[in-house]
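The values are calculated or read from the model by the stated rules, or taken from the named source; none is laboratory data. Keep in mind the model is a prediction, meaning the values are calculated, not measured. Every residue, glycine among them, receives a Cβ derived from its backbone with ideal geometry; neighbour counts consider all protein chains shown. Ligands, DNA and RNA are stripped out before the accessible areas are found, and what is left, the full protein with its side chains, is counted by its heavy atoms. Shrake-Rupley method; radii C 1.70, N 1.55, O 1.52, S 1.80 Å.
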Amino acid sequence: MADEDRDHSDLSVTRRAFLKGGALATGALSSTLIPTPADAQLPVATESDPRRSVVEMTVNGVAYRKEVPNRTTLLQFLREHLTLTGAKMGCDRAQCGACTVVVNGRNVYSCTTLAVEATGAEVLTIEGLAKGDALHPIQQAFIQHSGFQCGFCTSGQIMTTKAFLDRVPRPTEDEARRAMSGNLCRCAAYKRILESVMTASRLMQA
Amino acid sequence: MHNFAYIRPTTLRDAAAQLGKEHGKVMLLAGGTDLLGEMKDDLRVPEKLVAIRQLRELQGIRPGRGGLRIGAATLLSDIAESAPVREQAPLLAMAAETVGTPQIRNMATIGGNLCQRPRCWYYRNNYPCFKHGGSVCYSVTGENEYHAILEGGPSYIVHPSDTAPALVALGATVRISTGGRERGVPIEKFFVGPRQDPARENILQPNEILTEIEVPSAPAGSKAVYVKEMVREVWDFALCSVAAMVTTSGGIVGDARIVLGGVAPFPYRALKAEAVLKGRRLDEAAAAAAGAAAVDGARPLSKNAYKVPLTQAVVTRALLSLA
């Protein structure tokens, strides 16, 4: 990280419980929880430098507040500022899907989203799926079918699956294929990824 | 990516007040799917970004005079899935659904899709071409397999938008605001060719914001289809695409709109193909004649002649699917 990109604010994480009862936001996102634009918080420019902002967002149910350079992508914010390295940098150009996370219920490319733009958002990453040692059904399904080879794209595949199945709980195979099309797998484990998605759908119904 | 000042205004007036008198210094940020890539590659180095993706005045799909009013910051995924759009302007929903990937459609806005910059690899690799203020189009003597076959020169980029041909076919109007002053422009007049301005693809001034798209309901008795031909099967920019809308009465074509994407520097209205269809029954012969008329006047470059029969076939096929 260039010096400019270092975190000048207090590095400690503010662990404000987001959901009532303090439960982790594992799969609790629903359309009713998505804030409308009018409710969204605004990022605050720092007084000293208009090219830095204080951003606040909830990641996996934990509220964070940090000052970052405006050019910081959401992916950099997650990986370098929060040390949540589950989302991967592949192409860094919104093409491969390795960086996919769920923002306000939608799967997006975090490499091409600015952290300041995610101010006020609820972000879900692969780290937020399991409950303690209990894996999320999507994770179980990917293991059951070996829905990966090298695994680099897998967190992105799983986060797309999460956003998709939350919207379409019982998809057809064709719907699933299209939904997964924004996540590339260079090992070409596509057949097994598709099987994982369909099994995950059944596990999540159970 | 170079650093920049960032501001997220809460009103359209405040957003417009941030804008300057020249292109490129202060830039609007909506979905960012195109702009952030350009910034990472140093194609654009803005001093300030004005974030408008969440601006309340640019959101939503509302009923309007004889159709729909779509806020410019509405996401493509919302448009593709919108019941009113699917009902009143299904052509737009079809086109929006073909843009990029699910993630792209969850990020990108309709306004940004109309204002996106060309995908030409010379432009994207920062060659000092017309689009960067230079006076050369490197595709002419270079690698031009994805460039224009119609209306090219002096720049031979192709317009990359999928929603633009659909909106031209539907006869949409775009609304443009300076914060105080507002104007409505037929979308056909929104796009400009390289002979009018080789550096840019639309009429937006540096202090203007595209705020809304007015989409008239498709006429009664009309059928429409968007067909997109790509190198890959699932997602890519179009090699060529066609937005076709045909209105028939008693089996005879009364009106036809045929608009091509990916083959010209702007969404290209194939007027000759439209004329061929009017007053005829839409059958195989009519569709084939319209396909041939659509590429009348095509002047391919050294490596993109394949696009001529491809476009002809795609137009013919699209029309037959409406018969």
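Summed over the residues of the protein assembly as shown and divided among them, the accessible surface reaches 42 Å² per residue at a probe radius of 1.4 Å.
Within the stretch B:170-212, whose backbone N sits under 18 Å from a point 7 Å along Cα→Cβ of B:LEU271? Within reach of a label on B:LEU271: B:170-172, B:186-196.
A simple count of charges around B:ARG175, restricted to other residues whose Cβ falls under 12 Å of its Cβ and scoring Lys, Arg +1 and Asp, Glu -1, yields -2. Helices assigned as whole DSSP H runs in chain B whose Cα atoms extend at least 20 Å along their own long axis and whose mean Kyte-Doolittle hydropathy is -0.5 or higher are found at B:307-322. For chain B, the number of Lys pairs separated by eight or more positions or lying on different chains, with C-alpha atoms closer than 25 Å, is 24.
With r defined as the distance between the Cβ atoms of A:THR172 and A:ARG93 and R0 fixed at 35 Å, what FRET efficiency is calculated, to the nearest 0.05?
On the way: r = 30 Å, r/R0 = 0.87.
Given R0 = 35 Å and the Cβ-Cβ separation, E is 0.70.
If R0 equals 51 Å, the separation of the Cβ atoms of B:LYS278 and A:ASP133 corresponds to a calculated FRET efficiency of about 0.15.
When the convex hull of its Cα atoms is viewed from all sides, the stretch B:222-322 shows a mean projected area of 6.1 nm².
Ligands, DNA and RNA excluded, the heavy atoms of B:THR74 present near 10 Å² of accessible surface to a 1.4 Å solvent probe.
Computed over the stretch A:68-136, the P(r) tail beyond 21 angstrom holds 19 percent of alpha carbon pairs. Label sites at B:ASP42 and B:ARG317, each approximated as a point 7 angstrom past Cα along Cα to Cβ, lie 4.2 nm apart.
Could you compute the net charge surrounding B:VAL253? Neighbours are other residues with a C-beta less than 15 Å from the C-beta of B:VAL253; K and R count +1, D and E count -1. With Lys, Arg at +1 and Asp, Glu at -1, the net is +2.
From the square roots a ≥ b ≥ c of the eigenvalues of the alpha-carbon gyration tensor of chain B, which class results: rounded (a/c under 1.5), prolate (a/b over b/c), or oblate?
The shape class here is oblate.
Inter-label distance, B:VAL136 to B:SER302: 1.4 nm, where each label sits 7 Å from its Cα along the C-beta direction.
Expressed as a whole percentage, what fraction of the accessible surface of the protein assembly as shown belongs to carbon and sulfur atoms when a 1.4 Å probe is rolled over the protein heavy atoms? Working shown, then result.
Numbers: 11370 of 22290 Å².
Reported share for carbon and sulfur atoms: 51 percent.
Relative to its Kirkwood radius, the Cα radius of gyration of the protein assembly as shown gives an Rg/Rh of 0.97. Summing charges over neighbours of B:GLY184, with a neighbour being any other residue whose Cβ is under 14 Å away from its Cβ, gives +1 when K and R count +1 and D and E count -1.
Can you compute the FRET efficiency between B:GLN205 and B:ASN126 using 1/(1 + (r/R0)^6), with r the Cβ-Cβ distance and R0 = 30 Å? Round to the nearest 0.05. With a Förster radius of 30 Å, E is 0.75.
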